[in-house]
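S.K.: This is the structure I want to talk about, given as structure tokens.
The values are calculated or read from the model by the stated rules, or taken from the named source; none is laboratory data. Fair warning: this is a prediction, and the values are worked out from it, not measured in the lab. Ideal geometry is used to build each Cβ from the backbone, glycine not excepted, and the neighbour counts take in all protein chains shown. Just so you know, the surface numbers come from the protein's heavy atoms only, side chains and all, with ligands and any DNA or RNA stripped out. Shrake-Rupley method; radii C 1.70, N 1.55, O 1.52, S 1.80 Å.
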Amino acid sequence: MKKILRKITDFFKNNFKLIIGVAVLVLAVAGFFLIQSKTTTLENADLKKWTESSIEAKLSTVQILTENSQDSELIMKCVDKMSTFNDSGEFAVRDAIKLCNMGIKLQENN
């Protein structure tokens, strides 16, 4: 029994820096993935997340995706309306904003 404990102790003494380095690397990678999973932007979310978001988050998302369009509030209302449709919860916010923006541009050109 003492022989086994001595071998384990010797192993940890000889490889202490390596063990600490691997542990730090694993913790850094795990932390990175945890942070990424918690910071989901509204741009990549679905319409379920859109309905739960604040007006400021919605407006900033619309402005980012439409390059500061003058019709941001109208696009926001359009996406709000789309989010009330049945089975729209899985539709991507990015696609809904592009669809509303294109509809507004088509209406302006006719």
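S.K.: Would you mind giving the average projected area, over all directions, of the Cα convex hull of segment 6-55 in nm² with one decimal?
M.R.: The directionally averaged projection comes out at 5.4 nm².
S.K.: Need the list of lysines near K81 for cross-linking: C-alpha distance under 17 angstrom, and skip anything on the same chain fewer than eight residues off.
M.R.: Answer for K81, where 17 Å is the Cα cut-off: K48, K49, K58, K98, listed by chain and number.
S.K.: Roughly to the nearest percent, how much of the accessible area of the chain is carbon and sulfur, given a 1.4 Å probe? Please list the in-between numbers first.
M.R.: Details: 5350 of 8820 Å².
Using a 1.4 Å probe with all protein chains present, the chain comes out at 61 percent carbon and sulfur.
S.K.: When all C-alpha to C-alpha distances in the chain are sorted into bins of 10 Å, what percent of pairs does each bin hold, rounded to whole numbers?
M.R.: 13, 30, 17, 10, 9, 10, 8, 3, 1
S.K.: Okay, next question. 5 Å is the cut-off here: which amide hydrogens, built 1.01 Å from N in the peptide plane, fall below it relative to D46, excluding neighbours closer than 5 in sequence?
M.R.: Close amide H contacts, sequence-distant or interchain: V93.
S.K.: Next question. Taking 7 Å along the Cα-to-C-beta vector as the label spot, tell me the A28-S54 distance in nanometres, rounded to one decimal.
M.R.: Reported label-point gap for A28 and S54 is 3.4 nm.
S.K.: On average, how much accessible surface per residue is there in the chain, in Å², for a 1.4 Å probe, leaving out ligands, DNA and RNA?
M.R.: On a per-residue basis, the chain sits at 80 Å².
S.K.: A further question follows. By accessible area of protein heavy atoms, probe 1.4 Å, what ranking do C100, C78 get, highest first?
M.R.: Ranking C100, C78 by accessible area, largest first, yields C78, C100.
S.K.: Please report, in Å, the Rg and the Dmax of segment 31-91, where both are computed over Cα atoms only.
M.R.: Answer for segment 31-91, Rg first and Dmax second: 12.6, 39 Å.
S.K.: Then there is this: In what order, largest first, do E56, E43, E90 sit by accessible area if the probe radius is 1.4 Å?
M.R.: In descending accessible area the options line up as E90, E56, E43.
S.K.: So what does L18 come to for accessible area, using a 1.4 Å probe and Å² rounded to 10?
M.R.: 110
S.K.: Now a separate question. By how many nm would the segment from I8 to E43 lengthen if fully extended, with 0.36 nm per residue of separation less the alpha-carbon distance?
M.R.: So the extension gain works out to 7.5 nm.
S.K.: Can you give me the Cα centroid spacing of segment 74-97 and segment 1-69 in angstrom?
M.R.: 29
S.K.: Just K81, K98, K58 to compare: in a GNM of the chain, with alpha carbon springs under 10 Å, which one fluctuates most?
M.R.: K81
S.K.: Place +1 on the Cβ of every Lys and Arg and -1 on the Cβ of every Asp and Glu in segment 33-73, take the dipole about the Cα centre, and give the residue among I55, L42, S72 whose Cα lies farthest towards its positive end.
M.R.: The listed residue farthest towards the positive side: L42.
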